[in-house]
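Colleague: Would you mind keeping the following structure in view while I ask a few things?
The values are calculated or read from the model by the stated rules, or taken from the named source; none is laboratory data. This is a predicted model, so every value here is computed, not measured. Because the Cβ atoms are built from the backbone with ideal geometry, glycine has one as well, and the counts that use them run over all protein chains shown.
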Amino acid sequence: MPVDSYVARGLEKSFSGVRVLHGVDFEISPGKVHGLFGHNGAGKSTLLRIMAGACGYDSGELILNGRAVVLNSPRDALSSQIACVYQELRLISQLSVTQNVFLGRELSVHGVRMEREMRAHTARLLEEHDLPVLPDALVRDLSHPQRQMIEIIINLDRNARYLFLDEPTTALEVRRAEELLAGVRRIAVEKQIGVVVVTHKVSEILDHCDDATVLTGGAVVYRASTPRIDKNEVVDAIVGKKPEESLTFHTPFSASAGSNPRLVVKNLRTKGLRGVSLKVYPGEILGLYGLVGSGRSRFCRTLYGMEKITAGDVLFDGVPFHASSPSDAIERGVAYLTEERKKDGFIPQMSVLKNVVLPMLSRFRRFLLLDDRAADTYARGVLSRFDTQGQLSGPIQSLSGGNQQKALFGRIIAQNAELVLLDEPAKGVDIGAKRDIYEVIRGMARDGKCVVVVSTEEEELLQIADRIAVFSNGSCPEETLQAGNLTVEQLRMRALNDGGGMTPSRKGVDFPQNLTKT
Amino acid sequence: MTQPCEPTIRSSFLDRLPRETGIGAVLLCIIAVGHFATPNFLTLSNVKVLLLNGAVIGFLCLGQTFVLLTGGIDLSTGSIVAMSCVFAAVLMQYAGIPWPLAVVLVMGIGIATGMISGLIIHYAGVPPFIVTFAMQGVAASIPQIITGANFIMITQKGYALIGQSRPLGVPFPVIALVMAVVCASIFLKKTVTGTHICAVGGNAEASRLAGINIRKITVLVYAISGFCAACGGLIYGSRIMVGSPNPGRVGDDLFFSIAASVVGGVSLFGGTGTILGAMIGAVMIATVSNLMNVLSINPFWQPLVIGLIILGGVTFDTLHSSKRLRLPWKKLWKSSFGFRGNS
């Protein structure tokens, strides 16, 4: 007798030559909640996208209810009763709940909408799921968990039998996350829906799971079902045991006793930061680590004058430092390398060289006019350090991603700033250039600059940072970890324990010390 | 002309031609067609008429190009032409101000009007389309209110020098336009602010993070556009020596100026385009318009033809920007017209 299930077998997938999934097996059964765990870049999002039809795969197969299926698009998946709720919700916020529920499949008679029937159906749905929301309420007036529930309900109403939830609790407080997961669990059991929850927050989700699978480096390293799921084993599996971990190259710099920190941040708060305290000493590189959405990038952007500071102090060289805008920050000697170069990094149609010198064009002004040749020569000189491939006088958009990143890093060098904020400095560059970039970063610190590096790659962070501050839920305690005697596992452990919701940091001061011994 | 569009070194000879070659070739074709269609087209007197009529469109197009480069649009220029025309007459006839001072004041009014649009766009975040659309209404009705829709005859003879004098046989508006174009090209290509204008149009957020003062750039481009429109109004007024709330074809001028920029290769999405291209576009529009007059084609046809030209230009721009133009004929098109190649 064919068993109802949705199975992935031996999935392999590479992105531009890099293998991200190494023959992954995964199974979902109706009526069960399956937790899919893994660290940043472990391949869980790729697996989810493949199984939801949003992404192709190189080899392996997908088997739905005993039969092989080919999903070419999310629409294909939906017609096979497979649905996915992504982190970015798809609801249209200006429309009412009813309108969203029936979006694209409105009930009508000769083109006239059957408002009453649609509203009644929506009301019934909401009632069924115990959601205290009116069918006519506008989506934008609802809370985030409510929206999430509505999106889930909509997918169920479209007859989804297998439902993927991508990081459903990221934006939620611990209690709200509990509510949501309890709701999901109940639906799964009552309606016999197979639910997959993809997340890196272990402790929040684990209690609500029937099955747990952990991916590390694109392979399944742990799999268990209800009575035998052990939280410590899950955490160990996520953190990974890699004995041949590359060692850090440099001897970490430690601030000599008595030297004063150049940058002091005390209990900094903004709309998304809930208390960040840290210090950076001259000559040292401070690494910022944390899960996605923990506030690392937001912190950099705040120092760069992009977000309003609501409370707390920032002192630079002992002087209060509040940049009101990026141009103000640049004038005060701050350089910032954005994490998303395409979104807010470079000007696509502008030449590579001009992109490098963009923030300091006025340096090349001669009698009102811009000395193009001097600017270009200077930019060429900066880029020659990295062996940037491509037409430097051509538009930057025609370069490969790695070379674009080198150009933007060249901009940071050219700025010669006192406070350097680097968000994923080596994103997408090849290994050789990575080493060059690390060396330049180290050189900046040696010159006495204040360097702050954000990275999701633990190895990278351990390699370049002297100390590491761990962010979680928008806050960062003043205690930091010495990078020198830290391993990747310890770092991940730290982030997991903080971000996992075991200790909801109320003020960002209480910080568990039990797991990391430095 | 501007650096975002530098040709690559390793490309073929055709690719190394300036981007304006394509539109220039089209212009030459139109002129050739005109020449063979009627002997009255390529005469010295008609060319002078063509250029004189084109001067106002050219000025509007010049200002419009700055705005388009930042990714905005200025719909108020046509009305500012009318407003300037009337204000000049009011200042001279009613306030008794000597004409040179009146001219400067009118230019100031044009700049101020543009600055107001720019400030609202920057601070309120209202889309440029809406702000300048509203400004168009405001600027159009002020002269009507002042004059009660009547003409004001201008009696200061010196004012006529602007629109009617012909130093060395060339109409002064044409000389003024050429000078303005040279200044604008140098400004855009050779100054820091010019580079910043292209940067803002290419990626506003990245520009802001690179420390560029977005407010300054936004206000500046609309001020330039307002200034150019005021110049257009002065040319109109001094040609007919009348302060008219509806000189020439105000609506058409705005329409033609946007068309000229767009067919000249200035992207409606910002960041790409050159003054030279826009000016060739303006000459092309003026030529098409003039040719239709010379051929005595019903004037009602003109907006239709210009409309089709805009549609063609924008469609090309859109397909090109979204990289959907990967059809086999794209290569052919590129090699035969030297249109912006990618890499």
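Colleague: Which condition does B:THR155 not pass, out of (1) in contact (Cβ under 8 Å) with a residue 60 or more places away in the chain; (2) assigned to a helix (DSSP H, G or I); (3) away from chain A (no Cβ under 14 Å), if it passes all the others?
Modeller: Unmet for B:THR155, out of (1) in contact (Cβ under 8 Å) with a residue 60 or more places away in the chain; (2) assigned to a helix (DSSP H, G or I); (3) away from chain A (no Cβ under 14 Å): (2).
Colleague: Still on this structure, I have one more. May I ask you to list the residues in segment A:145-202 that are of a type outside the set (Phe, Trp, Tyr), part of a strand (DSSP E or B) and at pLDDT 85 or above?
Modeller: Correct list: A:LEU163, A:LEU165, A:ASP166, A:GLY194, A:VAL195, A:VAL196, A:VAL197, A:VAL198.
Colleague: Something else about it: Of all residues in segment A:330-341, count the ones that are facing chain B (nearest Cβ under 9 Å) and either within 28 Å of the chain's Cα centre (by Cα) or among the basic types (Lys, Arg) (or both).
Modeller: Selection size over segment A:330-341: 4.
Colleague: Related question: Checking the conditions here, which among A:VAL189, A:VAL202, A:VAL197 is touching a Cys at 6+ places or on another chain (Cβ under 8 Å) and β-branched (Val, Ile, Thr)?
Modeller: Residue meeting the stated conditions: A:VAL197.
Colleague: How do the pairs read when you match residues in segment A:378-402 that are away from chain B (no Cβ under 14 Å) with residues anywhere that are buried (at least 17 other Cβ atoms within 10 Å of the Cβ) and in a loop (DSSP other than H, G, I, E, B), using Cβ under 7 Å and keeping only pairs 6 or more apart or on different chains?
Modeller: Correct list of pairs: A:LEU383/A:LEU392; A:GLY402/A:VAL429.
Colleague: Do you know which of the residues in segment A:342-369 that are in a loop (DSSP other than H, G, I, E, B) and at the interface with another protein chain (Cβ under 7 Å from one of its Cβ atoms) is farthest from the chain's Cα centre (by Cα)?
Modeller: By that ranking, first place goes to A:LEU368.
Colleague: Show the residue pairs that are 6+ apart or on different chains and have beta-carbon atoms under 7 Å apart, the first residue being within segment A:107-129 and part of a strand (DSSP E or B), the second being among the acidic types (Asp, Glu).
Modeller: Close Cβ pairs satisfying both conditions: A:ARG113/A:GLU106.
Colleague: Name the helices (runs of 4 or more DSSP H) wholly inside segment A:420-518 in which the number of residues that are farther than 30 Å from A:LEU399 by Cα and modelled with pLDDT under 80 is 1 or more.
Modeller: Once the helices (runs of 4 or more DSSP H) in segment A:420-518 are filtered for at least 1 residues that are farther than 30 Å from A:LEU399 by Cα and modelled with pLDDT under 80, what remains is A:488-499.
Colleague: Still on this model: Can you pull out every residue in segment A:384-404 that is in contact with an Asp or Glu (Cβ under 9 Å, 6 or more places away or on another chain) and of a type outside the set (Gly, Ala, Ser)?
Modeller: A:ARG385, A:PHE386, A:ASP387, A:GLN391, A:LEU392, A:PRO395
Colleague: Here's a follow-up. Output the residues belonging to segment B:12-39 that are part of a loop (DSSP other than H, G, I, E, B), modelled with pLDDT under 85 and surrounded by 14 or more Cβ atoms within 10 Å (Cβ to Cβ).
Modeller: B:LEU17, B:PRO18, B:ARG19, B:GLU20
Colleague: Continuing with this model, one more query. Do you know which residues across segment A:314-329 are facing another protein chain (nearest Cβ under 8 Å) and in contact with a helix residue (DSSP H, G or I) (Cβ under 6 Å, 6 or more places away or on another chain)?
Modeller: The answer is A:PRO326, and nothing else.
Colleague: Search segment B:167-221 for residues being at positive phi and assigned to a helix (DSSP H, G or I), and hand back the single one that is nearest to the other protein chains (Cβ to nearest Cβ).
Modeller: Result: B:LEU168.
Colleague: Report whether or not A:SER254 is among the hydroxyl-bearing types (Ser, Thr, Tyr) and either assigned to a loop (DSSP other than H, G, I, E, B) or at pLDDT below 90 (or both).
Modeller: Considered against the rule, which asks whether it is among the hydroxyl-bearing types (Ser, Thr, Tyr) and either assigned to a loop (DSSP other than H, G, I, E, B) or at pLDDT below 90 (or both), A:SER254 comes out as yes.
Colleague: Which of (1) within 24 Å of A:VAL265 (Cβ to Cβ); (2) buried (at least 21 other Cβ atoms within 10 Å of the Cβ) does A:VAL429 not meet, given it meets every other one?
Modeller: Of (1) within 24 Å of A:VAL265 (Cβ to Cβ); (2) buried (at least 21 other Cβ atoms within 10 Å of the Cβ), only one is false for A:VAL429: (1).
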